[in-house]
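What follows is a single structure, written as structure tokens, with notes after it.
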Amino acid sequence: MNLNKIQTRNGLPKTEVSEEDMYNFSVEMETGTGKTYVYLRTILELYKEYGFKKFMIVVPSIAIRKGVEKSIKQLTEHFKRLYNVDLSKYSFIYDSSNLGKMSSNFVESNDLSICVLNIQAFNKDTNKIRKDDEYDKNLWRDIKFVRPIVFIDEPQKIEGTKKRKSQSLKAIEELEPLFTLRYSATHKNLYNQVYKLDSYEAYKKNLVKKIRVKTINSVISKDFPYIRYTYF
């Protein structure tokens, strides 16, 4: 199995793949080592090598979403040189007040399309994306038909436990994605782990800041006489 070959190559234990988790994969990366860069580049590699075009980046909070948005802007020229693809042109932030953009840019378009959205946008039945419009059109069903590849940033914050899945994780599974990649430094549940960059490896590779502790020792002998003033 290709998964087990990759796990062996990366020094990870082989996993027995269950039918339920066979399209779920975990990538462990220490905080500050470029997790967002790695999954954006992974998207472009999947597009270039295999022709996959529909990607959803699911984040647990507005702060992380804004961080992804900033990374896309900062890395656009870099990725343009590497892949000849304008990342800013083919990515967008989901906006519940403009469902037409999601429909035209993601569902109907035949181009590369990367949608960044908060899990809160679709993890409830009352979400706008799940409701029928005045023409009985349902965007949620249309997205399911597309079967996007889903990237989850900080999955431990949204997925509950293996015994009791959260509504957020159930919502992602409802989409029936082609497969799901989870990126975090602190996974709660590991699904077919394919890569691990822990704090020690990050330290050895000079990927994180190092702290050097300097101890100051007194040069006066402990036996040297002294006077102590005490106030009452």
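The values are calculated or read from the model by the stated rules, or taken from the named source; none is laboratory data. The shown structure was predicted, so the numbers you read here are calculated from the model rather than taken from an experiment. Backbone-built Cβ (ideal geometry, glycine too); neighbour counts: all protein chains shown. Quick note on the areas: whole protein, heavy atoms, side chains included, nothing else; ligands and nucleic acids left out. Shrake-Rupley method; radii C 1.70, N 1.55, O 1.52, S 1.80 Å.
Structure values in brief
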item	result
Single residue of Leu87, Leu3 found to be outside any loop (DSSP other than H, G, I, E, B), more than 17 Å from Leu197 (Cα to Cα) and not polar (S, T, N, Q)	Leu3
Of all residues in the stretch 152-173 being open to solvent by 60 Å² or more (accessible area, probe 1.4 Å) and touching a Ser or Thr at 6+ places or on another chain (Cβ under 9 Å), the one that is farthest from Ile43 (Cα to Cα)	Lys157
Residue satisfying condition, being under 28 Å from Asn189 (Cα atoms) and either surrounded by fewer than 15 Cβ atoms within 10 Å (Cβ to Cβ) or in contact with a helix residue (DSSP H, G or I) (Cβ under 6 Å, 6 or more places away or on another chain) (or both), within set Ile119, Ile72, Ile149	Ile119
Residue satisfying condition, being at pLDDT 95 or above, within 19 Å of the chain's Cα centre (by Cα) and of a type in the set (Ser, Thr, Tyr), within set Thr186, Thr161, Thr180	Thr180
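Let's see how each residue does on (1) within 16 Å of Lys53 (Cβ to Cβ); (2) in contact (Cβ under 8 Å) with a residue 40 or more places away in the chain; (3) not in a strand (DSSP E or B):
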{"position": "Lys101", "(1), (2), (3)": "no, no, yes"}
{"position": "Ser104", "(1), (2), (3)": "yes, no, yes"}
{"position": "Cys115", "(1), (2), (3)": "yes, yes, no"}
{"position": "Tyr135", "(1), (2), (3)": "no, no, yes"}
{"position": "Phe151", "(1), (2), (3)": "yes, yes, no"}
{"position": "Gln156", "(1), (2), (3)": "no, no, yes"}
{"position": "Ala171", "(1), (2), (3)": "no, yes, yes"}
{"position": "Tyr191", "(1), (2), (3)": "no, yes, yes"}
